[in-house]
Amino acid sequence: MKILVTGHKGFIGNHILKSLNEHETLSFEWGDKFPNLKGVDWVIHIGAISSTTEKNVEKIMAQNYDFSCELLDKCIASNINFQYSSSASIYGLNEQFTEDSPVDPRTPYAWSKYIFERYAATKYELAKEKDISIQGFRYFNVYGDGEEHKGNQASPYTQFLRQANETGVIKVFEDSQNYLRDFVHVNKVVEVHKKFLNIKSTGIYNIGTGTARSFMEVAAIIATQTGATIQEIPMPQELLHSYQKYTCADLTNLTKTINEHLST
């Protein structure tokens, strides 16, 4: 199987690319010449501006939406299967997390992911006619090795561990025991992407654990492991309107799709 991975220098894209050693792989990063799709069976499109605090809307739209639309169109024209990364940030401050739940994107990043999902959905019938798949994955809070370069955009696991090792103090926002997230290891994300390479399906799928843990619980685990102390700090005002208080992936659709494939 020949697979093109975009965003291979990023955290998740790098893990996916390394996991595909039994396949022929190509890679692409923003700024490279548009990828040659000749002979490609699948495109796994991970490349994007992933910062939830990025304010340059034109930049986000160019990379996260315009390029994604162009790439999808070229894949459909060439009968190439397509996977892409989306985000649980699309759910915003809602507390229902099925793929057909209401959405509430609150940042330019979340909006760029949502409107590309909408664009991809307009291509479902055409994909069906061509017998190819379009699979979107809404990542919940992904963590794991290799995200240190993301700085303050890294997962709480990585940020807390870095703080513990560097200063002996883990800083968490006030009231963080009431902020719960579905933290999913990057290996789980990779596993799902690889399974779906062999599943004929089109749609949107959550990737998470189905369990929510508080920021304080995560900080306490790392504090116990490292001997660090925990310090509560005020939440920045600019985050108050968009900071998700609770996320927990409903995995019904994902599990059902995988089980149906296993039973055939």
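Some observations on this one:
- Listed residues ILE134, VAL172, SER155: farthest to the positive end of the dipole of segment 95-201 (Cβ charges): ILE134
- Using the Cα coordinates of segment 94-201, the gyration tensor eigenvalues translate into equivalent-ellipsoid semi-axes of 33, 18, 12 Å, sorted from longest to shortest.
- Interchain or long-range residues, amide H under 5 Å from SER27's placed H: VAL5
- Computed from label points 7 Å out along Cα-Cβ, the spacing between ASN152 and GLU174 is 1.8 nm.
- Computed from point charges on the beta carbon alone (+1 for Lys and Arg, -1 for Asp and Glu), the dipole magnitude for the chain about its Cα centre is near 400 Debye.
- Percent of Cα pairs exceeding the 26 Å cut-off, where the set is segment 124-264: 36
- Table column - 3J(HN,Hα) (Hz), segment 113-121, Karplus curve with 6.51, -1.76, 1.60, x for Gly and Pro: 5, 5, 6, 6, 3, 4, 5, 4, 5
- Using the Cβ-Cβ distance between THR226 and MET1 with R0 = 41 Å, the FRET efficiency computed as 1/(1 + (r/R0)^6) comes to roughly 0.45.
- Vicinal HN-Hα couplings computed from phi for segment 33-49 (Karplus, 6.51 cos²θ - 1.76 cosθ + 1.60; Hz; Gly/Pro x): 4, 3, x, 7, 9, 4, x, 7, 8, 9, 10, 10, 9, 9, x, 5, 6
- Among the lysines of segment 18-68, pairs at least eight places apart or on separate chains and with Cα atoms under 28 Å apart come to 4.
- With 5 Å bins from 0: P(r) over the chain, alpha-carbon pairs, percent: 1, 6, 12, 17, 19, 17, 12, 8, 5, 2, 1, 0
- Debye-formula intensities of segment 197-264, expressed as log10 I(q)/I(0) at q = 0.21 Å⁻¹, are -0.96 (one equal scatterer per alpha-carbon, no solvent).
- For segment 1-110: span of alpha carbons on each principal axis (Å, largest first): 42, 29, 27
All of the numbers you see were taken from the coordinates with simple rules; none came from a lab. Since the structure is predicted, the reported quantities are computational estimates derived from the model, not experimental observations. Note that we place each Cβ from the backbone using ideal geometry, even for glycine, and neighbour counts take in every protein chain shown.
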